[in-house]
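The values are calculated or read from the model by the stated rules, or taken from the named source; none is laboratory data. Model, not experiment: these values are computed from the prediction. Cβ: placed from backbone, ideal geometry, glycine included. Neighbour counts: every protein chain shown.
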Amino acid sequence: MVFLNTQFIKKDQACISVMDRGFLFGDGVYEVIPVYQSKIFRLNAHLKRLQKSLDSIKIINPYTFNEWSYILTKLVNFSSLSNQSLYLQITRGCDTQRQHNFAKLTPTIYIESNPLTPKSKSILEQGFNAISREDIRWGRCDIKATSLLANVLYVEQARQQGVEEVILFRGKKITEGASSNVFMLKDDTLFTHPAGGNILSGITRDLVISSAKACQLSVQEVAFSLADIRRCEGLWISSSTREIMPITLLDGATINQGKINQHWHCVYDYYQQLKYD
Ligand code: PMP
């Protein structure tokens, strides 16, 4: 079952108009929300970020917190799976003709739920490969927009190169991954690019920061460079679906001689506890 504009229906019956601005322009925003043991993870934080995205593109939030909670919970309960990933999308709605400027329209709301199977700790500990590329995206990456053309092209490059993620840089500064936030560990300090227009501030990113602090690491929201990474003790990416993933090979060069730093274990274990709070 999926949710489309006030109704729960079968996915193969869910249709939208060709005049939907999401289809025509990618004029919409989205959220991905994990569900652990049938409980929606950090709903507050996700709905707050959704509100921020909607405000940024001037779409009025169609539902209150309680209404969202009711709809999402109902969708979660249609499935027998305890771990799920909710995908929620709101577009500006259907216009009468294709025109860039927009009038006040009725937003289109679509939600689906998919199985969520995070990688086990023993798999994560093996480390993952990434490549770096120049960040060619626009300056409002803080909006979780459905128009993801650059990200789609990066993910295709990653697939072609057989790597997990593309790590992006703007000038000398690492911004984030194509679909993750990036952290560097050096001298018991965890560095990550500050929030703002150049990154999507991940919900997982916030939890990595609080988990790192709980593990006595100092955290600095300060950008770092590819040169810094060459001398670092750990490089991690984070997202709702990947959780906290160590990168041990970047552009073919090993990070920290391919070893997983002990701090990763502490931060990872702490994060796991938060999932079942
Ligand atoms: N940055 C980008 C560009 C992303 O696409 C994502 C995942 N959607 C993230 C960061 C991580 O966000 P979250 O932790 O909320 O999944």
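A compact table of results
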item: Scan of the range 209-228 for residues that are in contact (Cβ under 8 Å) with a residue 40 or more places away in the chain, more than 15 Å from Asp135 (Cβ to Cβ) and of a type in the set (A, V, I, L, M), ordered by number; result: Ala212, Ala214, Leu217, Ala227
item: Selected residue [in contact (Cβ under 8 Å) with a residue 24 or more places away in the chain, over 25 Å from Asp142 (Cα atoms) and within 20 Å of the chain's Cα centre (by Cα)] from Asn77, Asn83; result: Asn83
item: Among the residues listed as Ser79, Ser56, Ser38, the single one being at positive phi, surrounded by fewer than 16 Cβ atoms within 10 Å (Cβ to Cβ) and not β-branched (Val, Ile, Thr); result: Ser38
item: Failed condition for Trp68, given (1) modelled with pLDDT under 95; (2) more than 29 Å from Leu168 (Cβ to Cβ); result: (1)
item: Tabulated pairs, the range 179-208, first at positive phi, second of a type in the set (Ser, Thr, Tyr) and more than 10 Å from the ligand (Cβ to nearest atom), C-beta under 9 angstrom, 6+ apart or interchain; result: Asp187/Ser218; Asp188/Ser218
item: Cross-chain or 6+ apart pairs with Cβ under 7 Å, the range 129-158 first and among the basic types (Lys, Arg), then near the ligand (Cβ under 10 Å from one of its atoms) and part of a helix (DSSP H, G or I); result: Arg133/Tyr154; Arg137/Ala150; Lys144/Arg49
item: Tally of residues being within 16 Å of Leu226 (Cα to Cα) and within 12 Å of the ligand (Cβ to nearest atom) across the range 148-177; result: 7
